[in-house]
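Reviewing the structure listed below.
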There are 2 protein chains.
Amino acid sequence: MFRTAELGRKVSKEEFEAVAPQLRTELTQLQQRLRAAKFPVILVFAGVDGAGKGESINLLNEWMDPRWMETHAYGPPSDEERERPDSWRYWRDLPARGRIGLFLRSWYSTPVLDHANSRISDAELDERLSHITRFEKMLADDGALILKFWMHLGRDAQKKRLKKLEKDPTESWRVTKQDWKNWEMYDQFTTAAERTIQVTSAGHAPWTIIEGQDDRYRSLTLLVTLRDAITRHLEAMDLKRRVAETMRREEQRRLKDEAGEHKAEDHKAAGTEKTAHGVAGAGAVHGSSLVMATLPQQPTILNALDMTLDYSDEDYAERLKVARARLHNLSRLARDRGVSSALVFEGWDAAGKGGAIRRLTAGLDARDYKVIPIAAPTDEEKAQHYLWRFWRHISRAGRATIYDRSWYGRVLVERIEGYASTEEWMRAYGEINDFEEQLVDSGRVLCKFWLHITKEEQMARFEERQSIPWKAWKLTEEDWRNREKWDVYEQAVNDMIERTSTRKTPWTLVEANSKKHARVKVLETYCAALEARLGQ
Amino acid sequence: MFRTAELGRKVSKEEFEAVAPQLRTELTQLQQRLRAAKFPVILVFAGVDGAGKGESINLLNEWMDPRWMETHAYGPPSDEERERPDSWRYWRDLPARGRIGLFLRSWYSTPVLDHANSRISDAELDERLSHITRFEKMLADDGALILKFWMHLGRDAQKKRLKKLEKDPTESWRVTKQDWKNWEMYDQFTTAAERTIQVTSAGHAPWTIIEGQDDRYRSLTLLVTLRDAITRHLEAMDLKRRVAETMRREEQRRLKDEAGEHKAEDHKAAGTEKTAHGVAGAGAVHGSSLVMATLPQQPTILNALDMTLDYSDEDYAERLKVARARLHNLSRLARDRGVSSALVFEGWDAAGKGGAIRRLTAGLDARDYKVIPIAAPTDEEKAQHYLWRFWRHISRAGRATIYDRSWYGRVLVERIEGYASTEEWMRAYGEINDFEEQLVDSGRVLCKFWLHITKEEQMARFEERQSIPWKAWKLTEEDWRNREKWDVYEQAVNDMIERTSTRKTPWTLVEANSKKHARVKVLETYCAALEARLGQ
C-alpha cells in the first residue's frame, strides 16, 4: 500500500513557483465560497513522524484565511475529557458549517498506536475502526466534506529525516525520544496503519497517501487534492439543490395537472426558466475549471522498476527447469492438502501474459487448473454485480484458477473508458479488497501479477506482430487506442497498486521487457507463495 | 426492541379479505414492472422458530409469479461449499436484475446462533456483522433492493405455537427437537438477534420486525411492506434516471452555449419536452398510489399500558418520601464515585414532564444536576450536526443531566413536521443508538422516560389549563395542532421504542394518567438504575 509513497517524488523550486501563486488564489477563492456553503470541511492529518503533518497544517494556516479555520491537536486526555465518552473531545471541536477544521493526532491516533504496541488485537482494532467509520459516515450524511491525509516516509527515509531535523538547531526540538522509539516500531506501526487506511477509506471519507520526503511535492499534492475535493463537493451540493428544485417543480406541475389547471403557457415559461437556471448553475461550476493549476507530472510505481533485468538463454533454461520441477511437486502437495490458488494476470497489451501463463501451466497437471480468460461479460453476468462472474469461477479445494485479466478491469479499462462511473470505480478498491481477503482467509493462495513493459518495448512488439503473419491476428485496433492512453492507464495502475496491494494480498510487479525474466519471476513467485502456505 | 412485536396484533378474516385481493393485484403488477427494472430484489427472512418464516415464503411463492422468484434456504455447508469462502454459497444464489431472491437461514443464521451458543464473543459477533454490512452495502450500491424481515414471537407465545403445531398431525413435522432446544435458549437467542438487527439495520438494507403470532397480520404486514418498498425503489430509480437525463441535457446545453450556438428555439423545445416527460414519469409513479390497499389500524406499544395505575394520597406520600431518601443517598454516592447520569424525558404535551422532573430534582443537590430544556436550536447549534447540541451538554463525572425533551425530537417532531427528511430520521435511529451506547459504555447511567397519557386525559388537562389563569400560558396553539396529529405521533413513538429500546439503553414507559403514579415510577426507576450501576 505504501510503496507508491516511497518513490522519491519531488517538485523543483521552479515548478513549485510556477504553480503556487495560482493555487493559492484558487484556494482562497474556494474558502470564500465555502463560507456561504452549508457544510463543514474536516481534514485529518496522520502519518509517519517527520513526514510533514505539522508543516502541512502550518502551510494551510498561512495560505488560507485562518479566521475560518480551526486547528486541533490532541494529547493525553484532560481531566475534563476523561470524565466523558472518548469521542466527546472531538465532538466539541467539530467545525461549524462553512468552516474548516484541521485535526492532528485525531481519532485515528489511539487505535493505530494501541495496535502497533500490541495493546489491542486485530479484532479489537477492527471494532474501533468500525466505530470511526460510523462516526464519519454520520458526519458525511449530514453534508460534511471529510478528507484524510496520510503523510508517508519509508523506513530509511524516516531515519534520514529525523537525523536531519536533529542536526538543524532550529528544528531539533521537533524530534523527541518518542519519535525514535516510534521509528523502531516502524513495521508494526505501518502494519496497523495499512489496515486502518484500508478499512476506513470510504467514498464519503477517503484517505490520500502522500509521500512526505519532498516538502514542495507534499505541499502541492495536499493543496491540489484539497482544492479538487472542495470544488467537487461544492458542485455536488449545488447539483443536489438543483435536483431538489427540479423535482419540487415537477411535483407542483403534477398536482396542477391532476387539478386540471394545466395550461400551455406554463410549459413554456417553466421550460425557459429551468434552462436559464441550468446554464447559470453550470457556468458557476465550470467557469474556473478551465484554468486550474496542476501538479507537475510525477513518477509512478512502474518507473521504479529495473527494466533491464534479463537472463541469458542458458540461465533461463536452467531456472525454468528447476522452477517447473519445484512447481510440479508443490502443486501435487497442494492438491492433496486441498490448498487452492487464485492467480491474477494483468499487464499492458503485448506484455506477455499469455506466454507467462503457458510456461506456468506447463508445470501443472491439466486436471488441477483452469485458465479463465476475462472478456466482455455475458448477458447473464451483466445482470449481476460485477464481482459475481469471478465468484462463480472460484475453484474447489486443491485446484488453481488462473485469471487472464480479472476483476481489476473495474479500476483499469472500465475506469478509463467510462464504463464505470467515478463513484463505482472508487468504491471498487474496497470491494476488491473485501473479496480477496475472503479468498485468503479461506486458505487460498493468491498471486497477483502486473506484467510491465516500457512504451518502447510495446511498440517493438506491436511492429513485430504486424510483420509476422501468424501473429498479426493478435494486434487489434483497440491495442492502438489503448496505447494512446498510456499515461492515464499508468496512473490507474499506480492507484490500483496503492489501494489494493496489502500485506495479505500483495501485488507482484513483473519486469517484462525480457520475456525470459518475466516467466521465471512469475513461476518462482508462485512457488514461493505455495511453499509459504504449505509450510515447505 | 422486540416489545413492539409482542402486542398481540391481529387482523380478522373479514379485514384480511377486504384487502387481500387488491394487494395481490398490486404485487403482481409490481412484479411485472420489476422484470423490466435494472435491479434485483433480495428478501431475507429470519426470526424465532414458529413465527412464520416458512409460511411467509410459501405465501409469496403462491401470490406472485414464481418464474421470476427464487427461494434459497441453507443448511450445513456441502462439500462443494466448504471448499470455498463462506459467502460463496450466497453469491452463487444472488438473483439477477429484475428478479426476486428469497433467503431463509441466510448469512445471518450462523452469527446469531454462534453468539447465542457462546461460541463467539461480542467483539467477534460485531466483526462478522461488519462483514455482512459491507456485503449488503456493496449489493445496494449496485442498485439491489434489500429487505430483511424478522418474524417475532414472545417467549411464551413461541412455546404455545410450537405446542399447537406439534398437536396438529399435518403440521407436527415442522417442530423438531432442535426447535425445542432453541426455545430453551430464547433469551440468548434474542439478545444476539437484537444486537444483530441494531448493527445491521441500515437505510440501504433495513430490518422490519413483524409480530408472527397471527398469520393474517403477519402476512398483510409483510406484503404491504414489500409493496411499499418495491414501489419506492422503482420511483427512486426512475428519479435517478430522470436526474441523470436532466443533467446530461444541461451539460449539452452548456457546451452549446460555450460554442455560441445557443438559440431561443432550443429553449422552448427542450422545455416542453422536459415538462412532458416529467408529467408522464410522475403519472406512472403516482397513478396507483391513490388506491393502495392498506393494513387495518393496529395497536401500538402504548395501547398495552395499564392506564388505570394510581396511588392513594397516603401511599403516594409514603413512597415519594422513601424514594427521595433513597435517591439522596444514591446520588451522593454516585457523585463521590464519579458516576454520571443522563435522564431523558419525552412524552405527550401536558403529560407532566415538568412536574416529574421537579419531584426528581427535589431529591438531588442543586450542584449535582442540570436541567436542559430542549427548545429550537440556537444559530450556533444549527450550524452543526443535530447531535452536537447534546454532546456539548454531557456532564462531568458524578453529575446528572436531565433533558426535558431530547435528541428524540429528530424521530418525533422533526419527522412528523417534515423538518427532517425521511432519509434523515430513518438513519437517526442508528445514530442515536451509537450515541447512547457511548454514554453507557463510558460508565454513565442512562434512563429514558416516555410519559404516556390517553387522548382523553390530555383533553381534560388542556381544558383545565384553559380555565385556570396561572396555567393558561402553558397551553399554546401548537399543543392543539400536535393533538390533531395524535395518531401519527403514536406511530412515531412506537417506531422509536422499537428501534431504540435495547438491553443496554431501554426505554421506560410511564403510565402517567395519574401524576402520582408517574412521579413515583420515574423516581423509583432512576433509583434502581443507580443501584444497579453502583452495585448497591
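Computed values, structure above
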item	result
Fewest-first sequence of B:VAL322, B:VAL199, A:VAL493, A:VAL413 by Cβ atoms within 10 Å of each Cβ	B:VAL322, A:VAL413, B:VAL199, A:VAL493
7 Å along Cα→Cβ, label-point gaps from A:ASP306 to other copies, nm, shortest first	8.5
Over the protein assembly as shown: helical MRE at 222 nm, DSSP H runs n ≥ 4 each giving -39500 (n - 2.57), nearest 500	-18000 deg cm²/dmol
Principal axis dimensions, segment A:3-234 - Cα atoms, whole angstrom, descending	45, 43, 32
Residue-count net charge about B:ASP156 - beta-carbon cut-off 13 Å; Lys, Arg +1, Asp, Glu -1	+4
Inter-copy separations for A:GLY443, label at 7 Å along Cα-Cβ, nm, ascending	4.6
Per-copy distances of the B:ILE468 label point, shortest first, in nm (7 angstrom along Cα→Cβ)	10.1
Cut-off under 5 Å, modelled amide H: who pairs with B:GLY98 long-range	B:PHE39, B:VAL41
Euclidean distance of C-alpha centroids, segment A:121-160 and segment B:1-50, integer Å	41
Segment A:46-57 - phi-based ³J(HN,Hα) in whole Hz, Karplus 6.51/-1.76/1.60, Gly and Pro as x	9, x, 6, 4, x, 8, x, 5, x, 4, 5, 5
Separation between Cα centres of segment B:162-230 and segment B:434-454, rounded to whole Å	27
Least to most buried among A:LEU239, A:LEU125, B:LEU222 (fewest other Cβ within 10 Å first)	A:LEU239, A:LEU125, B:LEU222
Cα radius of gyration and Dmax for segment A:33-87 (Å)	14.5, 39
Trypsin sites (Lys or Arg not before Pro) within segment A:472-528: DSSP coil, no more than 16 neighbouring Cβ in 10 Å	A:LYS485, A:ARG503, A:LYS504
Sites matching trypsin sites (Lys or Arg not before Pro) across segment A:148-195 that sit in DSSP coil, with at most 13 neighbouring C-beta atoms within 10 Å	none
Derived scalar couplings ³J(HN,Hα) [segment B:372-378; Karplus, 6.51 cos²θ - 1.76 cosθ + 1.60; whole Hz; x for Gly, Pro]	10, x, 9, 10, 4, x, 6
For B:GLY347, distant residues with modelled amide H under 5 Å away	B:LEU451
Global size of the protein assembly as shown as Cα Rg and Dmax, reported in angstrom	32.2, 108
Sites excluded, GluC sites (Glu not before Pro) in DSSP loops with at most 13 other C-beta within 10 Å, longest stretch of chain B	B:1-170
Principal-axis tilt of helix A:122-141 within chain A, Cα atoms, nearest 10 degrees	40
Average projection area in nm² (convex hull over Cα atoms of chain B, one quarter of hull surface)	33.1
For segment B:302-534, radius of gyration divided by Kirkwood radius, i.e. Rg to Rh on alpha-carbons	0.95
Under the Karplus curve 6.51 cos²θ - 1.76 cosθ + 1.60, θ = phi - 60°, whole-Hz ³J(HN,Hα) for segment B:440-455, x wherever Gly or Pro sits	5, 5, 8, x, 7, 8, 10, 10, 10, 10, 9, 8, 10, 10, 7, 5
Loop-located trypsin sites (Lys or Arg not before Pro) in segment A:11-65 whose Cβ has at most 16 other Cβ within 10 Å (DSSP)	A:LYS38
Formal net charge of residues neighbouring B:PHE189 (Cβ-Cβ distance under 12 Å; K, R +1; D, E -1)	-3
Cut-off under 5 Å, modelled amide H: who pairs with A:ALA202 long-range	A:TRP207
With Cα atoms, 0 to 90° folded angle of helix A:186-200 axis to chain A main axis	70
Spatial separation of Cα centroids for segment B:64-118 and segment B:351-365, in angstrom	53
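Rule-based calculations on the coordinates, nothing more; no lab input. What you see is a predicted model, and the numbers here were worked out from it, not measured in a lab. Glycine gets a Cβ as well: all are built from the backbone with ideal geometry, and neighbour counts include every protein chain shown.
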